[in-house]
Amino acid sequence: MQIEIWSDIACPWCYVGKRRFEAALAGFEHRDEVEVTWRAFELDPAAPAEREGDLAERLAEKYGASVEQMRASQAQLAQVAAADGLDFRFDAVHSGNTFDAHRLVQLGAAHGLQDAVEERLMRAYQSEGELMSDPAALERLGVDAGLPAGAVRALLAGDEFADAVRDDERTAAALGISAVPFFVADRRFGVSGAQSPEVLGQFLRQAWEARPQVEVVAGGDAGGADGC
């Protein structure tokens, strides 16, 4: 079964969703037959390389709330994340464009390390104050996740996997995905948000049970010239 997860590294709920999905998958009977692919989704494709100023102040202006309300919301989210084993440091977040980080996740997929790269970047952004548009930081983080330094440098020096990131975003639009995290099973079932492990586990079971089955209309010996 194919599970695709649309997310943005700059989305704190995506990191919470990742942990909860991992918990759901660990308890899923057919987990060894599930292939997980991370798909790119930029919350703000037009974001500058780096934003200046306080995160809570920017969000308060964006959502029409007070700075105090935003700080309280951040504190509440940090508590939620802590319950899932995550250490969110909103005071250290360096907000900016995540496009190159998504390209790095695609490079991770090419090396069989996509989940490791996704995890390292999410932790770096949400907990360590790393800037996702900084080539030096991305190179260091990619190597931390197991990628060859030369491959990361070549990626960041060019536009490799840019089309793949854009394809992910176009597919998200075609599927009607407007918020993340968003989980899709076999392009047939979807669930939005950082749902509980129980809800995500139910999603996995329902998608598994609904997989198309081969309908056998005739039986017999499959051996010989026409079978093995």
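The values are calculated or read from the model by the stated rules, or taken from the named source; none is laboratory data. Source: prediction; values computed, not measured. All Cβ positions, glycine included, derive from the backbone under ideal geometry; neighbour counts span all protein chains shown.
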Review point. Restricting the search to the range 157-173, which residues are assigned to a helix (DSSP H, G or I) and closer than 24 Å to Y15 by Cα?
Key: A162, A164, V165, R166, D167, D168, E169, R170, T171, A172, A173
Study note, to complete from the structure: Conditions (1) surrounded by 14 or more Cβ atoms within 10 Å (Cβ to Cβ); (2) within 22 Å of E119 (Cβ to Cβ); (3) aliphatic (A, V, I, L, M); (4) touching a residue at least 24 places away in the same chain (Cβ under 8 Å) -> A56 fails only (2)
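Looking at the range 13-31, can you tell me whether even one residue there is in a helix (DSSP H, G or I), over 20 Å from the mean Cα position of the chain (by Cα) and aliphatic (A, V, I, L, M)?
Quick first cut of the range 13-31, residues in a helix (DSSP H, G or I) only: 13-26, 31.
Remaining after also requiring over 20 Å from the mean Cα position of the chain (by Cα): none.
No, that holds for no residue.
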Point to revise | Subset of the range 111-132 [in contact with a His (Cβ under 9 Å, 6 or more places away or on another chain) and either over 20 Å from W6 (Cβ atoms) or surrounded by fewer than 18 Cβ atoms within 10 Å (Cβ to Cβ) (or both)] | key: G129, E130, L131
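To keep it simple, each residue is scored yes or no on (1) in contact (Cβ under 8 Å) with a residue 60 or more places away in the chain; (2) among the hydroxyl-bearing types (S, T, Y); (3) within 14 Å of A24 (Cβ to Cβ); (4) in contact with a Gly (Cβ under 7 Å, 6 or more places away or on another chain).
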{"site": "P181", "(1), (2), (3), (4)": "yes, no, yes, yes"}
{"site": "D186", "(1), (2), (3), (4)": "yes, no, no, no"}
{"site": "A194", "(1), (2), (3), (4)": "yes, no, yes, yes"}
{"site": "Q202", "(1), (2), (3), (4)": "no, no, yes, no"}
{"site": "E209", "(1), (2), (3), (4)": "no, no, no, no"}
Revision key, fill the gap. Just one listed residue, out of E42, E4, is closer than 19 Å to P197 by Cα and surrounded by 13 or more Cβ atoms within 10 Å (Cβ to Cβ), and it is E4
Exercise for review: Would you point out the residue of the range 152-185, among those that are aromatic (F, W, Y) and farther than 18 Å from H111 by Cα, that is surrounded by the fewest Cβ atoms within 10 Å (Cβ to Cβ)?
Suggested key: F182
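Each row is one residue, and each column tells you yes or no for (1) more than 30 Å from P197 (Cβ to Cβ); (2) in contact with an Asp or Glu (Cβ under 9 Å, 6 or more places away or on another chain); (3) assigned to a helix (DSSP H, G or I).
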position: G53; (1), (2), (3): yes, no, no
position: Q69; (1), (2), (3): no, no, yes
position: L77; (1), (2), (3): no, no, yes
position: V80; (1), (2), (3): no, no, yes
position: G108; (1), (2), (3): no, yes, yes
position: L131; (1), (2), (3): yes, yes, no
position: L138; (1), (2), (3): yes, yes, yes
position: A154; (1), (2), (3): yes, yes, yes
Practice item. Output the residues belonging to the range 11-39 that are farther than 22 Å from A174 by Cα, surrounded by 21 or more Cβ atoms within 10 Å (Cβ to Cβ) and hydrophobic (A, V, I, L, M, F, W, C). Key: V16, F21, A24
Exercise for review: State yes or no: is Q114 modelled with pLDDT of 95 or more, under 17 Å from the mean Cα position of the chain (by Cα) and under 18 Å from L43 (Cα atoms)?
Suggested key: no
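In the range 140-152, how many residues are touching a Leu at 6+ places or on another chain (Cβ under 8 Å), farther than 22 Å from F88 by Cα and not in a loop (DSSP other than H, G, I, E, B)?
Filtering the range 140-152 down to residues touching a Leu at 6+ places or on another chain (Cβ under 8 Å) leaves 141-142, 145-147, 151-152.
Now drop any that are not farther than 22 Å from F88 by Cα, which leaves 146-147, 151-152.
Subsequent filtering for residues that are not in a loop (DSSP other than H, G, I, E, B) retains 151-152.
Within the range 140-152, residues that are touching a Leu at 6+ places or on another chain (Cβ under 8 Å), farther than 22 Å from F88 by Cα and not in a loop (DSSP other than H, G, I, E, B) number 2.
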Study note, to complete from the structure: Considering residues that are surrounded by 14 or more Cβ atoms within 10 Å (Cβ to Cβ) and assigned to a helix (DSSP H, G or I), the number found within the range 186-198 is 1
